[in-house]
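> Okay, here's the structure, questions in a sec.
Throughout, read-outs are computed from the coordinates displayed, never taken from laboratory work. Quantities reported herein were computed from a predicted structural model and do not represent experimental measurements. Cβ placement follows ideal geometry from the backbone for every residue including glycine, while neighbour counts extend to all protein chains displayed.
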Amino acid sequence: MRERRVRSSIPHIPTRNVRRGSLKGDKFSFPKLFALVVGILLVILLVAYLALQQKEAAQQAKANAANELMEEAKDRDHIEEASERKREAVAKEDDHLQIVNDKKKAELAKNENLAASDEFSGMSEEQLGDLEKERRKVVKDLKKAGVVMETDNLAKQSIEKLQEVTRALILKRYGNPPYRVEFDVEFPSIMPDERNGKILIELAPIELTPHVVFVFLEIVRTWTGGAFNRVAGHVLQTTVDGSHEGLAFQEYHPDFPHKQFTLGYAGRPGGPPWYISIIDNTQNHGPGSQGSATEADGCFGKVLEGFDVVEQIKKHPKTANMGFINDRDAHIKISNMKLVTREVKT
């Protein structure tokens, strides 16, 4: 009998012949490690470089912002210095306003009330106001008729009578001179770099030109609003809101000419719009100007403070023909105007 083989319960598992050296790629590789380290270092260096660049950019931005602030401060200082130089120049020049006004103050010191001994001393403010209107109408009618007011005898007599009652009315209504007016200037959104400010003016002596002074005092007393609507090469001109009466005639005196920083009335006879002369306009608006052989714009005051604000107004960026600002929203607003008694800042 053949011997019976007993099958093994363990299945046959074939074996794989492993050659020596097949695990060589799994062993330690120095070149790969070196490359990995170098790659990591490069990434670290790149990140550090980018961080350094970002830091330098931030520092540069801060430096630029600081420089801009310094430049802006320098510009402001320059404007203030220029304004101060102009103030000093005006103070050093033949200041017709101060000279004439000092003379009139001396006269007032001798007589506390100019109207006390004249024909108007017993009249009330209302009576003086009515008489001023009557005499103003006479002069206004002569002007409308084409009379040459500067040379015609009847016109000169009528003007003198109007001036007499106007002086008395000013003294009664506003007290003794000097008459100083301060107004607030607000810049539009189109001029975001300009700061709002104030301008102080002093009106001309009433012994010289009471009519033009009175018209402006009445504009101030009944002020409802206005603005600078023209920035030309020689004047900064205003528009005046509300109902105000202008001049009956162009009252002018050679002792108070249209020098730089004086105020005059626009138009002939002129008013209520007025302007600030930013140059000497004696030739442009004095006697024999604007196509007339004899006429002149009425000149009624002079800037005492706020020369820096005047410089800012001159910088308006958007003007049209002859310097007018057509967009009302771009006007430089005069928000408030009032009569003040304070002394001039030194």
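> Can you compute the modelled spin-label distance between R328 and H234, with each label point 7 Å from Cα toward Cβ, in nm?
My value for the distance between the label points is 3.0 nm.
> Something else now. Cα-Cα over 20 Å: which of K143/K172; K259/K302; K198/K333?
K143/K172
> Each label point is 7 Å from the Cα along the Cα-to-Cβ direction; what then is the distance between the points at E186 and L50, in nm?
Roughly 5.1 nm, to one decimal.
> Continuing with the same structure: Say R0 is 30 Å: what FRET efficiency, to the nearest 0.05, do V148 and D118 get from their beta-carbon distance?
Computed FRET efficiency for V148 and D118: 0.55.
> Using R₀ = 51 Å, calculate the FRET efficiency as 1/(1 + (r/R₀)^6) where r is the Cβ-Cβ separation of E343 and A57; round to 0.05.
0.45
> I've got another one for you. Which distance in nm do the two modelled labels at V38 and D193 give, with both placed 7 Å along the Cα-to-Cβ direction?
5.5
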